[in-house]
Every structure is written in C-alpha cells, then in structure tokens.
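Novice: One structure is given below, represented as structure tokens, and several questions about it will come after.
The values are calculated or read from the model by the stated rules, or taken from the named source; none is laboratory data. A quick note: this is a predicted structure, and the numbers were derived from the prediction, not measured. Glycine also receives a Cβ, built like all others from the backbone with ideal geometry; neighbour counts cover every protein chain displayed. In case anyone asks, the SASA skips ligands and DNA or RNA and just uses the protein heavy atoms, side chains included. Shrake-Rupley method; radii C 1.70, N 1.55, O 1.52, S 1.80 Å.
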Amino acid sequence: MSIEVIERYCKGCSICVEFCPKNVLEMDGFIVKVARPDDCIKCMQCELRCPDFAIKVHTD
Amino acid sequence: MAYDYEKSLRPGKLPHIWCPGCGHGIVMKGLLRAMDTCGLEKNNTALVSGIGCASRLPGYVDMCTLHTAHGRAAAFATGVKMARPEMNVIVMGGDGDGTAIGGNHFIHACRRNIDMTYVIMNNFIYGMTGGQFSPCTPTGDKASTTPYGNPDPTFDISKLAIGAGATFVARTTAFHATQIDKLIAEGIKHKGMAIIEVLDDCPTTYGRRNKFRSVVDMMKRLKDMAVPVTAAGKMTAEQLEGKILTGVLYKEDKPEYCEQYAKVIARAQGVK
C-alpha cells in the first residue's frame, strides 16, 4: 500500500489534507506531503477529491 | 486500487489550467469514471463544449471532441447527434456559457428532448472572462461587475431544464464526488435530454470576493447546502431555507427527437 503524490500536478489547494479522515496528509509549503502513511485506511477520499489528478492510492 | 484516469486523457496535457481547488477537475474525474461505467469508447463518443473554464474540459479527454463558440455547445451537439445518431453526445459547459450566452440553445435542446447528456458546471460566476456575475450568482453576492452586491434574482438551472422539457434532470455538487459519476452515468443511459447540474466552486473569482477564506470553506459550503431529494420530504420549509436539493430531480420517458425525425424522413420518402 502506498500513496503517490505527483508533485508536478499538485497545486496545493489542501482539499485532500482537510477531507482525509485519518489526518494522513499535511501541507509542505505549497505541495501536499504524505506525513503518516501507516494511518491510511484506504478510503480513497483524497484520490477521489483531488481536482488535479495528483494523488494516487495504490492498495496492492 | 488507484483508478487509472490517464488512460482516458490526452498524453502530456496535465497539469490542467484550472486554478488550485477548482472543482472542474473533480467533475472531470467523475465524467471519466462515468464514461468507463457506461463503456463509452473513443470512436462512439463526442464531447462538445463552448467557451469558458468548464468548457476547457474536452481538450484534456482523449475522445472525439468539439470546442465551439461561446454558448453554442448545445446547438453544435444537436448537429452532431442529428448527423450521427449512433454517437453518444456529451456536452460540458459552465453556468454562464449554458444559461446566459447560450440560454436560448439550452432551453431548445431541452425542449426537443434530443438524446444527449448536458453536464452543466455551475460555479456561480463567469470565471475565465474575469469574474463577471452570471445568471446563477446568488442575489447580494459580489462579482467584478457587481462590487456592491448583485441585485438580480438567480436562475435555478434544474427547474429551468424541467420547465423547458428535459426528461432527466439531476443535481449534485463537486463535494459529492461519487454521486457525480453515478448521475452522469444515469444521464448517459437515459434516452433523451439529460441535464446534470453540478454545483462547483470558483475560489479565484467568486470565493475571494465573497469572504470564503479558502477552497476548503467553499467545499464545506457545498456540503452544507446540499439536501438529498429523498430526505427533503421529511423536512420543514424552515429547514429547507437556503438549501438545494440533490439527486435525480425529474425523470420521464418521452419520444426522442432523432427517432421522431427519422420518421419524418421515412414519411417524406414515401416509405411505409
């Protein structure tokens, strides 16, 4: 399981950070950072809501 | 498993031009998932759009696409559907494009009940042209051309579509990401004019003039505004004040325009 952030696409809107139910993500300047990957429950909210195609949650 | 959006996108087009936090990207992802669900392919699908931020969407999608004049997407789409009735025609556009400049085309496409899906992304403002107020800007809100507040009453796009004769009308918001693809897929499967209104956020030209501190505030507003149409029956008028209904608002079966027109051709040619 891994969360991939495509930094070239991320515009730093912080929607994923706010709507993550387990507080896995945080902002690192204008780019999102996967701060606590072990807490991820694979709910896919971040991938679903990212307007910029910048987050992928790989579950296998 | 991560959904592979890039298989349906033109290579090298990302990152897209939309501003940070703009909901159009969320709607685009919903559209791609819906097209996948319905099994639409490159050769049998036409994405048509006019001018505006929302109308940039077909440029990113690897399908047959048509980028047309401001507000005229529904008219061009009608032409595509009449010439090639086997095509799945999907129109993408914004509220300014669809209901102000293209208002006439919009209502007449609804009236004809031609078999297409119109996804109208209502972000309450003209985004690309500089934040002028649109017919959907809430009364009292500020835009670049109404710095003291908008005096105009607003359009309810879904009611307009129902009144004009569309046979499938649904509404959702950019916050309700999974509902977007379900409703678009239902609209694609519907035989007749399907209008899917997606309430959207424009942080750059609408949000910052109307005291939204961040994109997240705008998303939370969309979440708070929405009431599922199934739950609204149990709510009082006071509870529904300032809310908008989401879900499938209207559905009926009526004769579809291309089929009716084919009958006219057969009659004119004397085919019995």
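Novice: At 1.4 Å probe radius, can you tell me the per residue accessible area of region B:12-86 in Å²? Present the calculation step by step, with values, prior to reporting the outcome.
Specialist: Details: 2690 Å² over 75 residues.
Computed with neighbouring chains in place, this is 36 Å² per residue.
Novice: Using DSSP to call loops (not H, G, I, E or B), can you name the trypsin sites (Lys or Arg not before Pro) in region B:152-238 whose Cβ has at most 11 other Cβ atoms within 10 angstrom?
Specialist: Numbers: sites: B:Lys159, B:Arg171, B:Lys182, B:Lys189, B:Lys191, B:Arg208, B:Arg209, B:Lys211, B:Arg213, B:Lys220, B:Arg221, B:Lys223, B:Lys234; in loops: B:Lys191, B:Arg208, B:Arg209, B:Lys211, B:Arg213, B:Lys234.
Of the trypsin sites (Lys or Arg not before Pro), the ones in loops of region B:152-238 whose Cβ has at most 11 other Cβ atoms within 10 Å are B:Lys211, B:Arg213, B:Lys234.
Novice: For a quick check of understanding: with a 1.4 angstrom probe and all protein chains in place, what accessible area in square angstrom does A:Val34 have, to the nearest ten?
Specialist: Roughly 40 Å² of A:Val34 is accessible to a 1.4 Å probe.
Novice: Against the empirical 2.2 N^0.38 Å scaling, what ratio does the C-alpha Rg of chain B come to? Before the final figure, lay out each step's value.
Specialist: On the way: Rg = 18.4 Å, N = 272, 2.2 N^0.38 = 18.5 Å.
Normalised Cα radius of gyration, chain B: 1.00.
Novice: Need one number: the % of Cα-Cα pairs in chain A sitting beyond the 17 Å mark. Please report the intermediate quantities before stating the final value.
Specialist: On the way: 414 of 1770 pairs.
The answer is 23 percent, as a whole percent.
Novice: Can you pull the mean other chain C-beta count within 10 Å for peptide A:5-15?
Specialist: Values: counts 0, 2, 0, 2, 4, 2, 9, 3, 11, 5, 13.
The mean count of partner-chain Cβ atoms within 10 Å per residue comes to 5.
Novice: Would you give the gap between the C-alpha center of region B:125-141 and the C-alpha center of region B:1-40, rounded to a whole Å?
Specialist: 25
Novice: Another one. Computed on protein heavy atoms with a 1.4 Å probe, what is the summed buried accessible area for the chain pair B and A, in Å² to the nearest 100?
Specialist: 2200
Novice: Counting Lys and Arg as +1 and Asp and Glu as -1, each charge on the Cβ, what is the dipole of the protein assembly as shown about the Cα centre in debye, to the nearest 20?
Specialist: Value, rounded to 20: 640 debye.
Novice: Suppose only helical runs count, i.e. DSSP H with n ≥ 4. What mean residue ellipticity at 222 nm does that imply for chain B under -39500 (n - 2.57) per run, divided by all residues and rounded to the nearest 500 deg cm²/dmol? It would help to have the intermediate numbers written out before the result.
Specialist: On the way: 8 runs with 83 residues, N = 272.
Value at 222 nm, helices only: -9000 deg cm²/dmol.
Novice: Could you compute how much accessible surface A:Asp39 exposes when probed at 1.4 Å, giving the result in Å² to the nearest 10?
Specialist: Roll a 1.4 Å probe over it and A:Asp39 shows about 70 Å².
Novice: Considering only protein heavy atoms, with the full assembly of protein chains and a 1.4 angstrom probe, order B:Asp181, A:Asp60 by accessible area, largest first. Don't skip to the end; give the middle numbers.
Specialist: Working: B:Asp181 30, A:Asp60 135 Å².
If we order B:Asp181, A:Asp60 from most to least accessible, we get A:Asp60, B:Asp181.
Novice: Stretched out fully, how many nm does the piece from B:Ala231 to B:Arg213 gain, at 0.36 nm a residue minus the Cα gap? Please report the intermediate quantities before stating the final value.
Specialist: Numbers: separation 18, 0.36 × 18 = 6.48 nm, distance 3.02 nm.
Stretched out fully, the B:Ala231 to B:Arg213 stretch lengthens by 3.5 nm.
Novice: Moving on to the next point. Dipole size in debye (nearest 20) for chain B around its Cα centre, Lys and Arg Cβ +1, Asp and Glu Cβ -1? Walk me through the numbers on the way to the answer.
Specialist: Numbers: 32 positive and 25 negative charges, 50 e Å.
The calculated dipole for chain B is roughly 240 debye.
Novice: Count neighbours as other Cβ atoms within 10 Å of each site's Cβ, and list the trypsin sites (Lys or Arg not before Pro) in region A:26-60 that are DSSP loop with at most 14 such neighbours.
Specialist: Working: sites: A:Lys33, A:Lys42, A:Arg49, A:Lys56; in loops: A:Lys42.
Those satisfying the criteria are A:Lys42.
Novice: Which of A:Lys11/B:Lys220; B:Lys182/B:Lys251; B:Lys29/B:Lys223; A:Lys33/B:Lys142; B:Lys191/B:Lys263; B:Lys189/B:Lys251 have a Cα-Cα distance over 24 Å? Intermediate values should be presented prior to the final figure.
Specialist: On the way: A:Lys11/B:Lys220 19 Å; B:Lys182/B:Lys251 15 Å; B:Lys29/B:Lys223 19 Å; A:Lys33/B:Lys142 35 Å; B:Lys191/B:Lys263 17 Å; B:Lys189/B:Lys251 12 Å.
A:Lys33/B:Lys142, as the Cα separations exceed 24 Å there.
Novice: Here's something else I'd like to know. With a bin width of 10 angstrom, please list the P(r) values of the protein assembly as shown as percents of all Cα-Cα pairs, from the 0 bin to the one holding the largest distance.
Specialist: Bins of 10 Å from zero give 6, 26, 34, 23, 9, 2, 1, 0 percent of pairs.
Novice: Moving on. Hey, in chain A, which Cys have no second cysteine's beta-carbon closer than 4.7 Å?
Specialist: A:Cys10, A:Cys13, A:Cys20, A:Cys40, A:Cys43, A:Cys50
Novice: Taking Rh as the Kirkwood radius, which is the inverse of the mean 1/r over Cα pairs, what is the Rg/Rh value for region B:115-272? Walk me through the intermediate numbers first.
Specialist: Working: Rg = 18.8 Å, Rh = 17.4 Å.
Checking Rg against Rh, the ratio lands at 1.08.
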